[in-house]
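Peer 1: Before anything else, here's the structure in question.
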Amino acid sequence: MRNVIFIVAMLLSLCTKAGDVKVEFITPTIVRVQWSADGSLPGNGTGACIYQKQKEISKSKELAVEVDRQDGTVTFTDRHTGKTLLKEQWRKSEPVVQERIIYDDATARMEETANGKVTVKDIIRRDTIGESTRYISHFSCPGTKALYGLGAHMEDYMNLMGKTLWLTQHNLKVTIPVLLSPQGYGLLFDAGCAMKYSSEGQEFTMQMEAARQLDYYFIKGERMENVVEGYRYLTGKAQLLPLYAFGYIQSKERYVSSDDLIGTMREYRRRHVPIDMIVQDWNYWPEGWGYMKMNRKFYPDPKALADSIHAMNARLMVSIWPNPQYCPEERDFRERGYMLEHSVYDVFNPDARRHYWKYAYDEFFSNGFDAWWCDSSEPLDGDWNQMPEPVGGKPYGWNDHERRWQLNKDVLSDALGAERSSLYSLYHSRGLYENQRQTTDTKRVLNLTRSSFAGQQRYATVVWNGDTHASWQSFRQQIPAGLNFMATGNPYWTVDVGSFFVGNDGRRWFYTGDFQNGVKDEAYREYYTRMFQWATFLPMLRSHGTDTPREIWQFGEPGTPYYDAILKMISLRYSLLPYIYSMAAAQLFSGYTMARPLAFDYPDDATVYDLKDEYLFGDILVCPVTRPLSETASRKVYLPRGNRWIDYWTNKAYEGGQWIDVPVTIDRLPLYVKAGSIIPTSDVVEYSGAQADKPITLNVYPGGDASFSLYQDAGDGYAFEHGDYSVTRFEWNDGRQSMKKKADKNAKKYNREIRINVINIKNK
């Protein structure tokens, strides 16, 4: 007789030689596993999971679980197929000494860094302050061919099988402890510490550096979308962003005055180039660092500034920081006991979060500012301020992943505590979201932020990939980083179009761009245009960076190749707004992810598992051009098997399951639409709200039955939470060449003219 306990539902608590284990069905497809060596199960207190458990499950028809009587390891089996999906091979715990760095306050000084001005102090000593526990779980995954997730990684990986990832928060890295496989399952590791993931063959290990217990959720899903749905059941729905968030957003480091911001918007309107928002980056403050107060010399009237932007039918986003230094705000927070080490405010204290909101409200929100840019939400970087010393004569650089992990783990643990070193952004985002929601329901929360964690999707955040450098290699690496991030169930991700650092300062490991002359260099104009084409098919389209300006007219004038190519993409983005906004609603109402790895839709096509430079945006296959025309005038594209694919630009049809060679002129990137798709479009307008009374065209790509749910609401505010929205279901019968429409009760309120356009397919 096997030495296991077999369960298909309910709850099991088992005392084993290796410690107590608790296995609990949360739903018929989700199982929670908890274990500690000392028998206590206090929870890790991350705040990531917020689910309300369903009624007691008498039996699961989906999943069976076996628990080993000796060591408490768990095996998960698909009850339909009898196949083992995942098996714990072993687990262990190790004591970890926690230290506190003691600084010499007398040596405090401000130093200018690429990450802003920071307070630097000399270290006196390191004191031992207690112990935590390192938990390590080792799994075998027979039949697993691909794994995705864990956040956005600098390591340049798509398929994570056979890879090692050093997981902590960083300016250029985001940790979300979620893994998904196209072979029918996912995992959420509920711990807020730094982690290490390593894989070899059909096995992988997850190491949690400091936790109170081992705590993870197994999620069964026939498709990766089902796993995402399970993850969001545990951690919260992805919020619906305001409509304007899906238009074009202009930013740079930095606009220096109200006149600068207003003048830039006027120029966009004069040129009739669509735009929905402009962004005020850092250093608008009158003193110190990160002070939420605008220098009245350059920004004399914040309300008048916001009113001027609104008068041009645009919105205003402002950068705010969690680490005020040498300013009245810092002194105020310190006097109230709201500051942590390294001058970051205590996001874990709800009173401190409310006080932070008061500053944001008084200066910005009450004056009409629309959206937040929460910069530095990691909120510290151990290797960013000063260049680490060489090791063995080798300079510190991009590939020092383990050392970077160690440096950042230490500085974040010192300020936040090792057990919650990855959680800052989750709570920072929570503070803004909850307090704005308590203030008004008429304006949706929109928070662009640099870090994230499991559950943060419920706080209306968009994450960008940090201060990247401009090189074609960096461009190529950013694509799989974003896809793995969005695969975790956090669907909103974007980039600095053109990359943040354009040139090379010759000193710092991260400031290594290839284009010293910025927009004056045609090579950079080509690079920027190619990144812009890619970002057109991300959840948010936003230009940003330092070293060189980013407005469209900096790249030429109408009739010149780069200006026209950029305008073409902006126009395409606006024509697709009904499609994009409907997909955003699907992310709220189901487990949908608008930008996703190909394995989501083609789990049985092994060719897609490690494709780094192709993905799906809805039913559109996006193939960014990541090499200059001087190297190649074409790129190879793989068309996933199981579908016909229609070239968006030419309407030529191709069979799936093949590689094709595609010419890449400067004004387009390869795009293919899945046969049997409906793509809604509308007129190109100068701002998203101007589309409200324009007809919608349903572009039908024949070759299979198709359906689409068109979502409409007011575009802002939270009335949709109370039913003020419309979903119209369209179903295309390809055999009959006919469209069926099913409208809901609110269809008359959101009654736009609908036109049908059946694409005339040109067979190859």
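Peer 1: When you look at Arg736, is it exposed (fewer than 15 other Cβ atoms within 10 Å of the Cβ) and over 26 Å from the mean Cα position of the chain (by Cα), yes or no?
Peer 2: Criteria met by Arg736.
Peer 1: Inside the range 392-423, can you point out the residues that are assigned to a loop (DSSP other than H, G, I, E, B) and either assigned by TED's automatic domain parsing to the domain that holds Pro177 or under 18 Å from Thr468 (Cβ atoms) (or both)?
Peer 2: Tyr396, Gly397, Trp398, Asn399, Asp400
Peer 1: Given the structure, is Asn484 in contact with a Gly (Cβ under 7 Å, 6 or more places away or on another chain) and not in a strand (DSSP E or B)? Full working, then the answer.
Peer 2: Numbers: in contact with a Gly (Cβ under 7 Å, 6 or more places away or on another chain): yes; not in a strand (DSSP E or B): yes.
For Asn484, the condition - in contact with a Gly (Cβ under 7 Å, 6 or more places away or on another chain) and not in a strand (DSSP E or B) - is met.
Peer 1: Give the number of residues within the range 81-110 that are part of a strand (DSSP E or B) and closer than 30 Å to Cys141 by Cα.
Peer 2: Qualifying residue count for the region: 13.
Peer 1: Which condition does Glu686 not pass, out of (1) of a type in the set (Asp, Glu); (2) out of contact with any Gly (no Cβ under 9 Å at 6 or more places or on another chain); (3) surrounded by fewer than 18 Cβ atoms within 10 Å (Cβ to Cβ); (4) farther than 25 Å from Gln587 by Cα, if it passes all the others?
Peer 2: (3)
Peer 1: Hey, another quick one. Please report, ordered by residue number, the strands (runs of 3 or more DSSP E) entirely within the range 691-750 with at least 2 residues that are farther than 20 Å from Leu588 by Cβ and among the hydroxyl-bearing types (Ser, Thr, Tyr).
Peer 2: 696-701
Peer 1: Okay, moving on. Considering Trp398, Trp357, Trp384, which residue is in contact (Cβ under 8 Å) with a residue 24 or more places away in the chain and surrounded by fewer than 18 Cβ atoms within 10 Å (Cβ to Cβ)? Give the derivation first.
Peer 2: On the way: Trp357 fails: surrounded by fewer than 18 Cβ atoms within 10 Å (Cβ to Cβ); Trp384 fails: surrounded by fewer than 18 Cβ atoms within 10 Å (Cβ to Cβ).
Sole residue among the options that is in contact (Cβ under 8 Å) with a residue 24 or more places away in the chain and surrounded by fewer than 18 Cβ atoms within 10 Å (Cβ to Cβ): Trp398.
Peer 1: I'd like the full set of residues that are crowded, with 19+ Cβ neighbours inside 10 Å and either assigned to a loop (DSSP other than H, G, I, E, B) or of a type in the set (A, V, I, L, M, F, W, C) (or both), limited to the range 268-280.
Peer 2: Val273, Pro274, Ile275, Asp276, Met277, Ile278, Val279
Peer 1: State which residue is modelled with the highest pLDDT when the search covers only the range 634-648 and only residues that are surrounded by 22 or more Cβ atoms within 10 Å (Cβ to Cβ) and part of a loop (DSSP other than H, G, I, E, B).
Peer 2: Filtering first and then ranking leaves Pro640.
Peer 1: What is the residue count in the range 209-232 for residues that are within 28 Å of Val97 (Cβ to Cβ) and over 22 Å from the mean Cα position of the chain (by Cα)?
Peer 2: 7
Peer 1: Going by the conditions given, is Glu389 over 30 Å from Ala304 (Cα atoms) and either without any contact (Cβ under 8 Å) to a residue 12 or more places away in the chain or outside the structural domain of Arg437 (by TED's automatic domain parsing) (or both)?
Peer 2: Spelling it out, Glu389 is indeed over 30 Å from Ala304 (Cα atoms) and either without any contact (Cβ under 8 Å) to a residue 12 or more places away in the chain or outside the structural domain of Arg437 (by TED's automatic domain parsing) (or both).
Peer 1: Restricting attention to the range 1-27, which residues are touching an Asp or Glu at 6+ places or on another chain (Cβ under 9 Å), surrounded by fewer than 13 Cβ atoms within 10 Å (Cβ to Cβ) and farther than 26 Å from Tyr233 by Cβ?
Peer 2: Arg2, Asn3, Lys17
Peer 1: Additional query: Only one of these conditions is not met by Gly39: (1) within 15 Å of Leu14 (Cβ to Cβ); (2) in a strand (DSSP E or B); (3) not β-branched (Val, Ile, Thr). Which number is it?
Peer 2: Status for Gly39: all satisfied but (2).
Peer 1: Here's another thing I want to ask about it. Residues Thr84, Thr73, Thr77: which one is closer than 30 Å to Gly130 by Cα, of a type outside the set (Lys, Arg) and either out of contact with any helix residue (DSSP H, G or I) (no Cβ under 7 Å at 6 or more places or on another chain) or crowded, with 17+ Cβ neighbours inside 10 Å (or both)? Don't jump to the end; show me each part of the working.
Peer 2: On the way: Thr84 fails: closer than 30 Å to Gly130 by Cα; Thr77 fails: closer than 30 Å to Gly130 by Cα.
Criteria check complete, one pass: Thr73.
Peer 1: While we're looking at this one, here's another question. Against the definition (closer than 25 Å to Glu434 by Cβ, surrounded by fewer than 21 Cβ atoms within 10 Å (Cβ to Cβ) and not hydroxyl-bearing (Ser, Thr, Tyr)), how does Asn367 come out, yes or no?
Peer 2: Taking the combined requirement at face value, the residue satisfies it.
Peer 1: Filter the range 708-723 for residues that are over 19 Å from Ser688 (Cα atoms) and surrounded by 13 or more Cβ atoms within 10 Å (Cβ to Cβ) and give the result.
Peer 2: If the condition is that a residue be over 19 Å from Ser688 (Cα atoms) and surrounded by 13 or more Cβ atoms within 10 Å (Cβ to Cβ), then Phe708, Ser709 are the ones that fit.
The values are calculated or read from the model by the stated rules, or taken from the named source; none is laboratory data. Here the structure is a predicted model, which is why all the values come from computation and not from measurement. Cβ atoms come from the backbone with ideal geometry, glycine included; neighbour counts cover every protein chain shown.
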